[in-house]
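Written out below as structure tokens is the structure these notes cover.
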Amino acid sequence: MKRQLMKRSEIWYHLYPLGFLGAEERNPAPGAVDGPTAHRLRDLVGWLDHLVELGVTALLLGPVFESESHGYDVVDPFRVDRRLGSETDLLHLIDECHQRSLRVGLDVVFNHVGRGHAFFCRRSGTWS
């Protein structure tokens, strides 16, 4: 049986979480291990039923990974931006979407990275 990955009839809702959820414009400490985490992704769960009522069948999440500013300048593609929440928050949101039969896509540009990414840092951790 051939699995259909995406239907032509999907109705996608593109959501830019940093703007929609009122996150700070700049990340105070991108890539830092310690620091406050705002669990804004959890707030999106309350909107899912409304999206389903509108007929949305798939949610395309704008940048959610650790970034210095707007989200497309990724510093760490393996960590959720603390302005939005944690990896657990993202997985919870995805689970809630799947319970409502909503597909989830992530808007990620892997060929764009921020100045704080390891590609641009010396061993000392400073800008090269």
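The values are calculated or read from the model by the stated rules, or taken from the named source; none is laboratory data. Predicted model, so just to flag it, every value in this text is computed and none were measured. Positions of Cβ are generated from backbone atoms using ideal geometry, with glycine treated the same way; all protein chains shown enter the neighbour counts.
Report yes if some residue within segment 54-68 is of a type in the set (S, T, N, Q) and without any contact (Cβ under 8 Å) to a residue 24 or more places away in the chain; otherwise report no. No, segment 54-68 has no match at all.
Taken over segment 38-53, the criterion of being in contact (Cβ under 8 Å) with a residue 40 or more places away in the chain, surrounded by 15 or more Cβ atoms within 10 Å (Cβ to Cβ) and not hydrophobic (A, V, I, L, M, F, W, C) is satisfied by R40, R42. Of everything in segment 11-24 that is surrounded by fewer than 13 Cβ atoms within 10 Å (Cβ to Cβ) and outside any strand (DSSP E or B), the residue that is modelled with the highest pLDDT is I11. Do we have V56 as in a strand (DSSP E or B) and modelled with pLDDT of 90 or more here? So V56 fails the test.
If you go through segment 88-102 and keep only what is surrounded by fewer than 17 Cβ atoms within 10 Å (Cβ to Cβ) and touching a residue at least 24 places away in the same chain (Cβ under 8 Å), you end up with R100, S101.
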